[in-house]
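This report refers to the structure that appears directly beneath it.
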Amino acid sequence: MKNNKVKRFIGCCACFVFAIVCSAFAVCGASEEELIYSVEKQSGEPVFKYWCDDFDYDGNMELFAAVGKDAMGTSLWFSSEKETVNFPILGYVYCGEWDSPEGICSINSQQKLFVAETGAGGSGSSSVCYYVKDGIAIPAPKSGENLRQEAGAEFTINPSAFDDWGIDGFGSGHTYKKYYLHWNGTEFTEYEGREISRGDLEKYAGGADAIMQAESEGFSIGSIFERDNGIINVNLFKEGSASEGDGGLDRDNENMTLEVKNGEVFLVVINHNAQDWIGKYSYGGIYESVGLLW
């Protein structure tokens, strides 16, 4: 009788230990190898490149993958213990470090994002961004183009435009101007520009000097946009400066970026290797109040 009680006690302890072990494995979720296998099984193609991490800090790993046999033919997949899904994209996933260096972006101690660039290899592209909640990948409503993380929840985009030369709604010449975004946990909000006057800019220490420098280089002052992150974008232009190679367009559109620090503005260098003044400070083209359109 005593032996039977001992056996039952040992059996109960074994079941208890087994339950704890199973629970521990459940928290860990699927392994990296299992997530890759799930993607390859459902897609029927090999994983070309992947990004694996605990994006929502729930103790389980999730995986985003560029799937295909070569870099210029990849599709985008996601896998977790909850789902394995294919996300529609324009073109293919850019996998090179030079054209899509982001991947996993750490926001804070509760969230990481997946960010990549997609397209067909041309001069324009589209960014994709996903966050994960309870093992489910959710796309950001708008991600723009050339999405890059600055630090934490601060990001930038450089959307393409054809506005380097031209006037009256007609332009040409590809430009990529920098705009500024903040991630709020579920979507990006842009530091939208509010238009200010030349006089408003000159109230800042250094503002009048920046304007005088631009004018000494032969530029006129166009619209000026101030943003809540301490950035001021000043549009510049030269009338009748286009050459024959510019298609006969009669305005050269440039800009300069100022950063506000303690009531003073400072010119932001765009290209440290430029030889001329405008090449050092301008992205080219015409700044608008917003850049995040899709």
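Side notes on the structure shown:
- Relative to the current alpha-carbon distance between ASP54 and SER160, full extension at 0.36 nm per residue lengthens the span by 34.9 nm.
- If the segment from HIS182 to ASP276 were pulled out straight at 0.36 nm per residue, it would be longer than the present Cα-Cα gap by 30.6 nm.
- Set of aspartates and glutamates with alpha-carbon distance to LYS82 below 12 Å, sequence-local pairs under 8 removed: GLU62, ASP134
- Overall form of the range 155-294 per C-alpha gyration tensor (a/c, 1.5; a/b vs b/c): oblate
- Loop sites in the range 47-147: chymotrypsin sites (Phe, Trp or Tyr not before Pro), DSSP, at most 16 other Cβ within 10 Å: TYR57, TRP98
- Charge dipole (debye, nearest 20) of the chain; +1 at Cβ of Lys and Arg, -1 at Cβ of Asp and Glu: 1940 debye
- Among 39-47, 224-232, 194-202, 269-277, the peptide with the highest mean count of other Cβ atoms within 10 Å heads the list, and the full ranking is 224-232, 39-47, 194-202, 269-277.
- Size check on the range 56-134: the Cα extents along the three principal axes, sorted descending, read 38, 24, 17 Å.
- Projected label points at GLU45 and ALA151, each 7 Å from Cα along the beta carbon direction, are separated by 3.9 nanometres.
- Solvent-accessible area, 1.4 Å probe, carbon plus sulfur percent, for the chain: 54 percent
- Length released on extending from MET212 to SER289, taking residue separation times 0.36 nm less the Cα-Cα span: 25.4 nm
- Alpha-carbon Debye profile of the chain, log10 I(q)/I(0) at 0.09, 0.12, 0.15 Å⁻¹: -0.58, -0.86, -1.11
- Each listed q (0.12, 0.17, 0.26 Å⁻¹) maps to a log10 I(q)/I(0) for the range 93-158, found by the Debye formula over equal Cα scatterers with no solvent: -0.29, -0.58, -1.23.
- Kirkwood-based Rg to Rh ratio, the range 130-229, C-alpha trace: 1.08
- Rolling a 1.4 Å probe over the protein heavy atoms gives the range 87-238 an accessible area of 44 Å² per residue.
- Under a Gaussian network description of the chain, with springs only between Cα atoms under 10 Å, the residue in GLU239, GLU33, GLU102 that fluctuates furthest is GLU33.
- Zone of LYS261's modelled label, taken as backbone nitrogen in the range 145-165 under 18 Å from a point 7 Å along Cα→Cβ: 151
The values are calculated or read from the model by the stated rules, or taken from the named source; none is laboratory data. Keep in mind that what you see is a predicted model, and the values were worked out from it rather than measured. With ideal geometry, Cβ positions are generated from the backbone for all residues, glycine too; neighbour counts draw on all protein chains shown. What goes into the accessible areas is simple: the full protein's heavy atoms, side chains included, and nothing from ligands, DNA or RNA. Shrake-Rupley method; radii C 1.70, N 1.55, O 1.52, S 1.80 Å.
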